[in-house]
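Q: Got a structure for you, questions after.
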Amino acid sequence: MERRTAPAAAAHAGRPDTAVDRHWRADARRALQHSLAFVGLIMLLDWGAGGLTLPRAGLWGALGGMVLAVLVPSRVSAGEGCLAVRGLMGERRVRTDALVSLRRYGGIAAHLVLRDAHGKWLELDLHVLEANPLIWHLLDAGARRSLENGTLRHGRKVLQELADRIDGQETRAVLTASGLL
(Lines give C-alpha, C1' and ligand atoms only; values in the text may rest on other atoms or scores of the structure.)
Protein backbone atom coordinates (compact mmCIF):
# COMPACT_ATOMS: atom_id res chain seq x y z
CA MET A 1 0.00 0.00 0.00
CA GLU A 2 1.48 3.28 -1.12
CA ARG A 3 1.17 6.26 1.15
CA ARG A 4 0.71 9.61 -0.60
CA THR A 5 1.56 12.80 1.22
CA ALA A 6 1.80 16.23 -0.29
CA PRO A 7 3.89 18.89 1.36
CA ALA A 8 2.11 22.07 2.35
CA ALA A 9 4.09 24.06 -0.19
CA ALA A 10 2.80 21.87 -3.02
CA ALA A 11 -0.77 22.82 -2.16
CA HIS A 12 0.04 26.41 -3.14
CA ALA A 13 2.26 25.63 -6.12
CA GLY A 14 2.28 28.44 -8.62
CA ARG A 15 0.74 30.91 -6.17
CA PRO A 16 3.24 33.50 -4.91
CA ASP A 17 3.43 34.54 -1.27
CA THR A 18 4.01 38.14 -2.30
CA ALA A 19 3.75 40.01 -5.57
CA VAL A 20 5.79 43.10 -6.35
CA ASP A 21 5.51 45.75 -9.03
CA ARG A 22 7.45 44.17 -11.88
CA HIS A 23 7.97 47.53 -13.63
CA TRP A 24 9.36 49.40 -10.62
CA ARG A 25 13.05 48.92 -11.51
CA ALA A 26 12.56 50.22 -15.04
CA ASP A 27 10.58 53.21 -13.74
CA ALA A 28 13.24 53.96 -11.10
CA ARG A 29 15.97 53.69 -13.73
CA ARG A 30 14.05 56.11 -15.96
CA ALA A 31 13.70 58.53 -13.03
CA LEU A 32 17.45 58.37 -12.48
CA GLN A 33 18.11 59.02 -16.16
CA HIS A 34 15.79 62.02 -16.20
CA SER A 35 17.31 63.55 -13.08
CA LEU A 36 20.85 63.04 -14.44
CA ALA A 37 19.83 64.63 -17.74
CA PHE A 38 18.32 67.54 -15.81
CA VAL A 39 21.49 68.09 -13.78
CA GLY A 40 23.69 67.69 -16.84
CA LEU A 41 21.68 70.23 -18.79
CA ILE A 42 21.70 72.77 -15.95
CA MET A 43 25.44 72.36 -15.44
CA LEU A 44 26.04 72.69 -19.18
CA LEU A 45 23.99 75.89 -19.29
CA ASP A 46 25.76 77.26 -16.21
CA TRP A 47 29.18 76.36 -17.68
CA GLY A 48 28.21 78.01 -21.00
CA ALA A 49 27.24 81.17 -19.14
CA GLY A 50 30.64 81.12 -17.39
CA GLY A 51 29.28 80.82 -13.85
CA LEU A 52 29.89 77.13 -13.00
CA THR A 53 31.94 76.79 -9.84
CA LEU A 54 32.41 73.86 -7.49
CA PRO A 55 29.82 75.14 -4.94
CA ARG A 56 27.31 75.77 -7.74
CA ALA A 57 27.95 72.28 -9.15
CA GLY A 58 27.23 70.88 -5.67
CA LEU A 59 24.02 72.90 -5.55
CA TRP A 60 22.95 71.55 -8.94
CA GLY A 61 23.79 68.02 -7.78
CA ALA A 62 21.65 68.48 -4.66
CA LEU A 63 18.81 69.81 -6.82
CA GLY A 64 19.16 66.72 -9.02
CA GLY A 65 18.91 64.52 -5.93
CA MET A 66 15.66 66.23 -4.95
CA VAL A 67 14.29 65.78 -8.47
CA LEU A 68 15.21 62.08 -8.27
CA ALA A 69 13.43 61.73 -4.92
CA VAL A 70 10.27 63.18 -6.44
CA LEU A 71 10.41 61.12 -9.65
CA VAL A 72 11.12 57.68 -8.16
CA PRO A 73 7.81 55.81 -8.05
CA SER A 74 6.43 54.17 -4.94
CA ARG A 75 7.22 50.48 -4.56
CA VAL A 76 4.08 48.35 -4.31
CA SER A 77 3.87 44.82 -2.93
CA ALA A 78 0.93 42.61 -2.08
CA GLY A 79 0.58 39.46 -0.05
CA GLU A 80 -2.17 37.28 1.28
CA GLY A 81 -4.52 39.80 2.91
CA CYS A 82 -2.20 42.82 2.80
CA LEU A 83 -1.02 45.55 0.47
CA ALA A 84 2.02 47.79 1.03
CA VAL A 85 3.23 50.96 -0.68
CA ARG A 86 6.74 52.19 0.10
CA GLY A 87 7.49 55.72 -1.01
CA LEU A 88 9.42 58.85 -0.18
CA MET A 89 7.74 59.30 3.20
CA GLY A 90 7.97 55.68 4.37
CA GLU A 91 5.78 52.62 4.06
CA ARG A 92 2.02 52.30 4.39
CA ARG A 93 0.17 49.00 4.77
CA VAL A 94 -3.47 48.01 4.78
CA ARG A 95 -5.22 44.74 5.43
CA THR A 96 -7.11 43.97 2.21
CA ASP A 97 -9.24 41.39 3.98
CA ALA A 98 -10.44 44.08 6.42
CA LEU A 99 -11.05 47.01 4.07
CA VAL A 100 -13.59 49.61 5.14
CA SER A 101 -13.45 51.82 2.05
CA LEU A 102 -12.00 51.79 -1.43
CA ARG A 103 -12.29 55.08 -3.29
CA ARG A 104 -11.06 56.20 -6.69
CA TYR A 105 -9.83 59.75 -7.27
CA GLY A 106 -8.60 61.59 -10.33
CA GLY A 107 -9.12 61.25 -14.05
CA ILE A 108 -5.97 60.72 -16.11
CA ALA A 109 -3.66 60.10 -13.14
CA ALA A 110 -6.25 58.08 -11.22
CA HIS A 111 -5.41 56.55 -7.88
CA LEU A 112 -7.13 54.50 -5.20
CA VAL A 113 -7.33 55.32 -1.53
CA LEU A 114 -7.81 52.21 0.61
CA ARG A 115 -8.71 52.26 4.31
CA ASP A 116 -8.88 49.25 6.58
CA ALA A 117 -10.70 48.49 9.82
CA HIS A 118 -7.52 49.15 11.83
CA GLY A 119 -7.42 52.82 10.79
CA LYS A 120 -4.59 52.46 8.29
CA TRP A 121 -4.74 53.84 4.75
CA LEU A 122 -2.69 54.10 1.59
CA GLU A 123 -2.82 55.60 -1.89
CA LEU A 124 -2.16 53.44 -4.91
CA ASP A 125 -1.67 54.39 -8.56
CA LEU A 126 -4.13 52.54 -10.81
CA HIS A 127 -1.44 51.99 -13.44
CA VAL A 128 0.33 49.66 -11.02
CA LEU A 129 -2.74 47.43 -10.82
CA GLU A 130 -3.22 47.45 -14.58
CA ALA A 131 0.42 46.51 -15.20
CA ASN A 132 0.62 43.84 -12.47
CA PRO A 133 -2.14 41.21 -12.60
CA LEU A 134 -0.79 39.38 -9.52
CA ILE A 135 -1.06 42.49 -7.35
CA TRP A 136 -4.56 43.09 -8.72
CA HIS A 137 -5.55 39.48 -8.00
CA LEU A 138 -4.34 39.65 -4.40
CA LEU A 139 -6.07 43.01 -3.82
CA ASP A 140 -9.29 41.76 -5.43
CA ALA A 141 -9.27 38.54 -3.38
CA GLY A 142 -8.76 40.48 -0.14
CA ALA A 143 -11.45 43.02 -1.04
CA ARG A 144 -13.90 40.20 -1.80
CA ARG A 145 -13.18 38.74 1.65
CA SER A 146 -13.93 42.20 3.07
CA LEU A 147 -17.26 42.12 1.24
CA GLU A 148 -18.02 38.68 2.68
CA ASN A 149 -17.04 39.83 6.19
CA GLY A 150 -19.21 42.92 5.85
CA THR A 151 -16.40 45.36 6.63
CA LEU A 152 -16.31 46.99 3.16
CA ARG A 153 -18.88 49.77 3.41
CA HIS A 154 -17.72 52.03 0.55
CA GLY A 155 -16.29 50.94 -2.76
CA ARG A 156 -18.31 48.02 -4.10
CA LYS A 157 -18.97 49.89 -7.34
CA VAL A 158 -15.32 50.95 -7.68
CA LEU A 159 -14.20 47.35 -7.08
CA GLN A 160 -16.57 46.07 -9.79
CA GLU A 161 -15.46 48.76 -12.27
CA LEU A 162 -11.81 47.89 -11.65
CA ALA A 163 -12.50 44.18 -12.05
CA ASP A 164 -14.29 44.78 -15.34
CA ARG A 165 -11.53 47.05 -16.62
CA ILE A 166 -8.45 45.07 -15.52
CA ASP A 167 -9.85 41.59 -16.12
CA GLY A 168 -11.10 42.77 -19.53
CA GLN A 169 -7.58 43.93 -20.44
CA GLU A 170 -6.13 40.60 -19.34
CA THR A 171 -8.71 38.69 -21.36
CA ARG A 172 -8.01 40.76 -24.48
CA ALA A 173 -4.26 40.16 -24.04
CA VAL A 174 -4.77 36.39 -23.77
CA LEU A 175 -7.07 36.31 -26.79
CA THR A 176 -4.65 38.42 -28.83
CA ALA A 177 -1.66 36.24 -27.86
CA SER A 178 -3.56 33.10 -28.81
CA GLY A 179 -4.59 34.55 -32.16
CA LEU A 180 -8.32 34.51 -31.42
CA LEU A 181 -8.68 38.29 -31.50
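Q: Do the sum for the chain: with -39,500 (n - 2.57) for every DSSP H run of n ≥ 4, divided by all residues, what is the mean residue ellipticity at 222 nm, to the nearest 500 deg cm²/dmol?
A: Taking each H run of at least 4 residues, the total per residue is -17000 deg cm²/dmol.
Q: May I ask you to compute the full-extension gain from VAL113 to ARG153, defined as 0.36 nm times their residue separation minus their alpha-carbon distance, rounded to one decimal in nm? Mind showing how you got there, number by number?
A: Working: separation 40, 0.36 × 40 = 14.40 nm, distance 1.37 nm.
Result: 13.0 nm gained on full extension.
Q: To continue, here is another question. Kindly sort HIS111, HIS137 by accessible area of their heavy atoms, largest first, with the probe set to 1.4 Å.
A: From most accessible down to least: HIS137, HIS111.
Q: For segment 98-144, what size does the Cα cloud have along each of its three principal axes, sorted from largest down, in whole Å?
A: On the principal axes, segment 98-144 reaches 29, 23, 13 Å in Cα extent.
Q: Now for a different question. With a 10 Å cut-off between alpha carbons and a GNM built on the chain, which of TRP121, TRP60, TRP47 moves the most?
A: Greatest mean-square fluctuation among the candidates belongs to TRP47.
Q: Between (i) 0.94; (ii) 0.97; (iii) 1.14, which matches Rg/Rh (Cα atoms, Kirkwood Rh) calculated for the structure shown?
A: (iii)
Q: What is the local net charge at GLU170, summed over the other residues whose Cβ is closer than 13 Å to its Cβ (Lys, Arg +1; Asp, Glu -1)?
A: Counting the neighbours of GLU170, the net charge comes to -2.
Q: Quick one: Karplus J couplings for segment 150-161, per residue in order, coefficients 6.51, -1.76, 1.60, θ = phi - 60°, nearest Hz, x for Gly and Pro?
A: Going residue by residue, I get x, 7, 6, 9, 10, x, 4, 5, 4, 4, 5, 4 Hz, with x marking Gly and Pro.
Q: Under a 10 Å cutoff between Cα atoms, tell me which one of VAL70, VAL128, VAL100 has the largest fluctuation in the Gaussian network model of the chain.
A: Comparing VAL70, VAL128, VAL100 in the GNM, the peak value goes to VAL70.
Q: Sticking with this one: Note down the relative contact order for segment 74-181 as a percent, whole number, built from C-alpha pairs under 8 angstrom at least six residues apart.
A: Reported relative contact order: 25 percent.
Q: Can you tell me which of LEU134, LEU71, LEU124 moves the most in a GNM of the chain? Springs connect C-alpha atoms under 10 Å apart.
A: LEU71
Q: Further question: Post the alpha-carbon centroid distance, segment 114-138 to segment 144-168, in whole angstrom.
A: 12 Å
The values are calculated or read from the model by the stated rules, or taken from the named source; none is laboratory data. The shown structure was predicted, so the numbers you read here are calculated from the model rather than taken from an experiment. When we count neighbours, we look across all protein chains shown, and the Cβ atoms used for this are built from the backbone with ideal geometry, even at glycine. With ligands, DNA and RNA removed, areas are computed over all heavy atoms of the protein, side chains included. Shrake-Rupley method; radii C 1.70, N 1.55, O 1.52, S 1.80 Å.
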